[in-house]
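Here's the structure, in structure tokens; my notes come after.
The values are calculated or read from the model by the stated rules, or taken from the named source; none is laboratory data. In this text the structure is predicted, and so the values were computed from the model without any measurement. Virtual Cβ from ideal backbone geometry, glycine too; neighbours counted across all protein chains shown. Ligands, DNA and RNA are excluded from the accessible area calculation, which covers all protein heavy atoms including side chains. Shrake-Rupley method; radii C 1.70, N 1.55, O 1.52, S 1.80 Å.
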Amino acid sequence: AAAAETTVTSNALAARELEWAVNPPCLLEEHRKANGSIIRTRFPPEPNGYLHIGHAKSMDFNFSLAFEKLGVAPENRRTIFRYDDTNPEAETEEYIDSLRRDLEWLGWTPERTTYSSDNFQALYDLAV
């Protein structure tokens, strides 16, 4: 049996490049000016239930492993805790509070907490 072919990349988290998703140099420069050497990830749970092992795995990736794989210095690591509150019929304050408490209990400290719903009007305005 033939051995599986392995592709090596210099970027541990690289994916295939999509031509339509490549940022122009001017936008990349604006991003560098605004962020410097800071690298951000985000953890976006939907507040429709309690924390489970899948959430814990995602938290570890977004608060730690992604930065380690990319070689980001600890002082340049930031994670945004974003509630993906896009389904109001399934979400409650009980779950929002529970996720926040569990995040703290597990020892993760986000840079800031946001809600997807905070952007609904701006996204709507862009769409129409």
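Using the Cβ-Cβ distance between S117 and N76 with R0 = 30 Å, the FRET efficiency computed as 1/(1 + (r/R0)^6) comes to roughly 0.55. Accessible surface computed residue by residue for the chain, with neighbouring protein chains in place and a 1.4 Å probe, gives 75 Å² per residue. Classify segment 9-128: rounded, prolate or oblate, from the alpha-carbon gyration tensor (a ≥ b ≥ c, eigenvalue square roots; a/c under 1.5 rounded; otherwise prolate if a/b is larger than b/c)? Oblate, since a/c reaches 1.5 and b/c is not below a/b. Loop-located GluC sites (Glu not before Pro) in segment 1-106 (DSSP state not H, G, I, E or B) with no more than 12 neighbouring Cβ atoms inside 10 Å: E5, E17, E89. Apply the a/c threshold of 1.5 to the C-alpha gyration tensor of segment 66-128 and tell me whether it is rounded, prolate or oblate. Since a/c reaches 1.5 but b/c is at least a/b, the shape of segment 66-128 is classed as oblate.
Charge dipole of the chain (Cα centre as origin; +1 on each Lys and Arg Cβ, -1 on each Asp and Glu Cβ, all else neutral): 580 debye, rounded to the nearest 20.
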